[in-house]
Number of protein chains: 2
Amino acid sequence: MVPPRPVHRNADVRMRGFVSRSTVDSAISWIDQVLSSRGIMPAEEVNLLEASGRILAHEIVSQFDVPAFARSMMDGYALRADETHGATSYNPVVLDVIGSSYPGKPLNAIVQPGQAVRIMTGAPVPDGADAVLAVEQTETDGTKLLAGGEVPAGRHIGLPGEDIRRGDIVLPSGRPLRPQDVGILSALGIGRVPVVRPPRVRILITGNELLPAGTSPSGFRIADSNGPMLSALVNRDGGAAVVPEMIPDDPDRILESLQQPADVILVSGGSSAGQEDHVPVILGSHGELAIHGIAMRPSSPTGMGLLNGALVFLLPGNPVSCLCAYDFFAGRAIRFLSGKNRDWPYRKVRLTTNRKLVSVVGRLDYARVRIVDNRVEPLAISGASVLSSTTRADGFVLIPDDSEGIPAEGETDVYLY
Amino acid sequence: MVPPRPVHRNADVRMRGFVSRSTVDSAISWIDQVLSSRGIMPAEEVNLLEASGRILAHEIVSQFDVPAFARSMMDGYALRADETHGATSYNPVVLDVIGSSYPGKPLNAIVQPGQAVRIMTGAPVPDGADAVLAVEQTETDGTKLLAGGEVPAGRHIGLPGEDIRRGDIVLPSGRPLRPQDVGILSALGIGRVPVVRPPRVRILITGNELLPAGTSPSGFRIADSNGPMLSALVNRDGGAAVVPEMIPDDPDRILESLQQPADVILVSGGSSAGQEDHVPVILGSHGELAIHGIAMRPSSPTGMGLLNGALVFLLPGNPVSCLCAYDFFAGRAIRFLSGKNRDWPYRKVRLTTNRKLVSVVGRLDYARVRIVDNRVEPLAISGASVLSSTTRADGFVLIPDDSEGIPAEGETDVYLY
């Protein structure tokens, strides 16, 4: 009689999932520790016309007074203020108009008593004059001016350095540049702007069953959706996404791809602990697999580590898990390296729930929700593979790992996509 | 005796400013009327990898069920649910493992009574099976499976069309595409995405005194700051900004530039009613100068009209006025044409003022403010030429034309830059 073959509870251990899971907090701590040791990316210079939205790499100190000269703030006449004493429209002071001052084209003369200079907004105020009388208060025949009002010294004159003084810190390092900041840089003579270089992010898509992004589903094969999604997320967060690469589920090819130079590598798929999941093993043997398996839902089969100096994130192939794991972990790193705020890039609002949001103690939940009449409505979803839940959703709610959920009529923060 | 030369109060009328000013509301009404008659820009197709952030030009209807087949939501075993009746880990049901189903690589077999198929997450569920038992509830020696738990029919199986059904409207026309939307489009086989074509926006910089953007100030000449700022604003709002062109203050050259093809033309400088302000006259004689002079501060010398089908905005040369006039008027048109929400792109918060914000009845004020300890602090500013006020500011407050200002400790909306 042949004895029965032995049955071992762990015979198929590599398909059985994780022995233990890290908390979200410990994974974030690991990321932050790596980030603080390497700091943000170094500077690169870009043209002014490409600088808006980028992060300033150094503080900008003005080398100039702006304006560099006294300028008129009005169309009118530059004159000596004390000569307008007592002038009214009924009893005007008569002055000689000795010329005109235009922006960039001053009058090369000194205003003497009894004289005035026609002046345009922005034009240099000629020496001798110490005020501008607005054109509305004057009459003229071209050579004689009837000054029909009094002005105190300094009126309608912008002084040198009034906008910016030489030596002023105009913009601080780390500033996300606004359109008007770019205007200031231009005025300060800064044609090339030092900004934080975007981290180079490679996106590796594993899964033999996947067709190239944007191709029609065929039989049991579907097109990759994570490549284009991750590429968009990386670019949103300030990274420079390389065109996603599809690699076969072959350990040698995966290793070869992981060893190409990059600041950050995102691997979609094969991140779990099953026998088809090569990537964690490869990362662990050729680099460091620091975190593998996280107490959260979705995205539990997420890993991260280091290889050849690149931060490597192993993201689940399921699209929702992939999005969530990106936003929790990889996005944080990319935002930091890009010089941005590392926290969620989503706007947060505090709202009341329509219905209970269920969770379990011991894991953090990322629940997609809609906002209906300014209240939070959980989306009925059946799984992490339902990417359409993230397009139907207006945002998401985080249910912490010490909570069983959020009751109906409870208040919660909602992060808006 | 020579008689005195006649003095006329309006001898210098072209330097005297505007006879009357339009309200902000009437200028916006004119813009909206032009926009509603021409509609948003037509569609163009872009690659998936460039689609995020763009505006979808047509609704997207799915041509496929996603998934197209029943798939496993777990790693485990596909089997016939009724055979697990009464199974426990102490009293398992024994089944024959007849093969494995992988994502994209199904097992070509029908599961018979007494049989099970090893199955990975995402893999097709073989015919005959109607449930998946999670791997954690099983033991195996490779050919025999000990099913240690009951499952109801349908458990852990994602049904065809569960994510998206053929014929579903997946994304509506006009949607600003999110990263996850791009993922969905990819899965639906849409490799080229129909998005709204950005309006082509030409930026003309007038002012003989100006040096090219980003050059150091020299003597009485300063570098143009409006070109780079406007370019950044246009791109932010979804337009395609052509590299700004500097044109001399020469009517023929200005006309020639205005006649080049564009959807929108922004002219910086020369927008007022002085004798150096050629642009309004040219626009009025060769096209339509619909609005010129607006009851607001800054940006009062703003104009707008039409020439050869292009919407033309005449923006003041002073940088703050230029920014303000852009955001009130030109930006509104560009955002609409790009398919975006035409309203302010700034986030609005309601806060209490630290100090009075002064205005006068009859004009709308655009006041730059800082936010200090969550309260509104007006910026001490001396004029529209002080661009640094917009970089020091956190945002702005609008004081309507029927108001004398906002008192200290008053509530107001702040638009955040």
Check your understanding: Within segment A:100-118, is there a residue that is open to solvent by 60 Å² or more (accessible area, probe 1.4 Å) and within 44 Å of the chain's Cα centre (by Cα)?
Key -> yes
Review point. Is segment B:253-264 home to any residue that is within 27 Å of the chain's Cα centre (by Cα) and farther than 24 Å from B:Leu323 by Cβ?
Key: yes
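Here's the yes/no breakdown for (1) closer than 30 Å to B:Ser186 by Cα; (2) assigned by TED's automatic domain parsing to the domain that holds B:Asp237; (3) modelled with pLDDT of 95 or more:
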residue	(1), (2), (3)
B:Val7	no, no, no
B:Asn10	no, no, no
B:Val34	no, yes, yes
B:Leu48	yes, no, yes
Practice item. Could you list, in sequence order, all residues of segment B:219-230 that are at pLDDT 95 or above and either over 30 Å from B:Lys340 (Cα atoms) or not assigned by TED's automatic domain parsing to the domain that holds B:Glu288 (or both)? Key: none
Point to revise | Which numbered condition A:Val360 misses (of (1) within 23 Å of the chain's Cα centre (by Cα); (2) not in a strand (DSSP E or B)) | key: (1)
Exercise for review: Select, from A:Asp96, A:Asp82, the only residue that is part of a strand (DSSP E or B) and on the phi < 0 side of the Ramachandran plot.
Suggested key: A:Asp96
Exercise for review: With the condition kept exactly as written, say whether any residue in segment B:156-167 is charged (D, E, K, R), under 22 Å from A:Leu387 (Cα atoms) and touching a helix residue (DSSP H, G or I) at 6+ places or on another chain (Cβ under 7 Å).
Suggested key: yes
Practice item. Quick one: which residue in A:Phe336, A:Phe328, A:Phe313 is at pLDDT 95 or above, surrounded by 20 or more Cβ atoms within 10 Å (Cβ to Cβ), part of a strand (DSSP E or B) and touching a helix residue (DSSP H, G or I) at 6+ places or on another chain (Cβ under 9 Å)? Key: A:Phe313
Point to revise | Inter-residue pairs, beta-carbon under 6 Å, first under 21 Å from A:Asp237 (Cα atoms) and in segment A:393-417, second assigned to a loop (DSSP other than H, G, I, E, B) and basic (Lys, Arg), 6+ apart | key: A:Tyr417/B:Arg178
Practice item. Quickly run through segment B:47-79 and pick out the residues that are over 18 Å from the mean Cα position of the chain (by Cα), in a strand (DSSP E or B) and surrounded by 20 or more Cβ atoms within 10 Å (Cβ to Cβ). Key: B:Ile60, B:Val66, B:Arg71, B:Ser72, B:Gly76, B:Tyr77, B:Ala78, B:Leu79
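This table checks each residue for (1) surrounded by 24 or more Cβ atoms within 10 Å (Cβ to Cβ); (2) facing chain B (nearest Cβ under 9 Å).
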site: A:Gly191; (1), (2): no, yes
site: A:Pro199; (1), (2): yes, no
site: A:Ile203; (1), (2): yes, no
site: A:Val243; (1), (2): no, yes
site: A:Ile247; (1), (2): no, no
site: A:Glu256; (1), (2): no, no
site: A:Gln260; (1), (2): no, no
Practice item. Test B:Tyr366 against the criterion of being under 24 Å from the mean Cα position of the chain (by Cα) and open to solvent by 10 Å² or more (accessible area, probe 1.4 Å), and give yes or no. Key: no
Study note, to complete from the structure: Residue count, segment A:363-374, condition part of a strand (DSSP E or B) and either under 15 Å from A:Gly395 (Cα atoms) or free of Cβ contacts under 8 Å to residues at least 40 places away in the same chain (or both), comes to 8
Exercise for review: Would you mind finding the one in B:Leu357, B:Leu351, B:Leu364, B:Leu379 that is over 24 Å from B:Ser299 (Cα atoms) and either modelled with pLDDT under 95 or outside the structural domain of B:Ser321 (by TED's automatic domain parsing) (or both)?
Suggested key: B:Leu351
**Study point:** Subset of segment B:391-417 [farther than 12 Å from B:Glu377 by Cβ and assigned to a loop (DSSP other than H, G, I, E, B)]
**Key:** B:Pro400, B:Asp401, B:Asp402, B:Ser403, B:Glu404, B:Pro407, B:Glu409, B:Gly410, B:Tyr417
Check your understanding: Out of segment B:127-155, which residues are assigned to a loop (DSSP other than H, G, I, E, B) and either facing another protein chain (nearest Cβ under 9 Å) or buried (at least 23 other Cβ atoms within 10 Å of the Cβ) (or both)?
Key -> B:Ala129, B:Asp141, B:Gly142, B:Thr143, B:Val151
**Study point:** Residues of segment A:382-400 satisfying the condition of being at pLDDT 90 or above, buried (at least 17 other Cβ atoms within 10 Å of the Cβ) and within 17 Å of A:Ser300 (Cβ to Cβ)
**Key:** A:Phe396, A:Leu398, A:Ile399
Check your understanding: Given the structure, is B:Phe328 out of contact with any strand residue (DSSP E or B) (no Cβ under 8 Å at 6 or more places or on another chain) and among the aromatic types (Phe, Trp, Tyr)?
Key -> no
Point to revise | Identity of the residue in segment B:43-62, facing chain A (nearest Cβ under 8 Å) and touching a Leu at 6+ places or on another chain (Cβ under 7 Å), that ends up farthest from B:Arg165 (Cα to Cα) | key: B:Gly53
Check your understanding: Is segment B:231-240 home to any residue that is assigned to a helix (DSSP H, G or I), of a type in the set (D, E, K, R), buried (at least 17 other Cβ atoms within 10 Å of the Cβ) and not assigned by TED's automatic domain parsing to the domain that holds B:Arg363?
Key -> yes
Practice item. Scan (1) surrounded by fewer than 21 Cβ atoms within 10 Å (Cβ to Cβ); (2) outside any helix (DSSP H, G or I); (3) at pLDDT 95 or above for the single condition A:Ser216 breaks and write down its number. Key: (3)
Practice item. Name every residue in segment B:342-357 that is in contact (Cβ under 8 Å) with a residue 40 or more places away in the chain and open to solvent by less than 100 Å² (accessible area, probe 1.4 Å), in order of residue number. Key: B:Arg342, B:Trp344, B:Pro345, B:Tyr346, B:Val349, B:Leu351, B:Thr352, B:Thr353, B:Asn354, B:Leu357
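The values are calculated or read from the model by the stated rules, or taken from the named source; none is laboratory data. This one's a predicted model, so the numbers in the text were calculated from it and none came from an experiment. Because the Cβ atoms are built from the backbone with ideal geometry, glycine has one as well, and the counts that use them run over all protein chains shown. Only protein heavy atoms, including side chains, enter the accessible area calculation; ligands, DNA and RNA are left aside. Shrake-Rupley method; radii C 1.70, N 1.55, O 1.52, S 1.80 Å.
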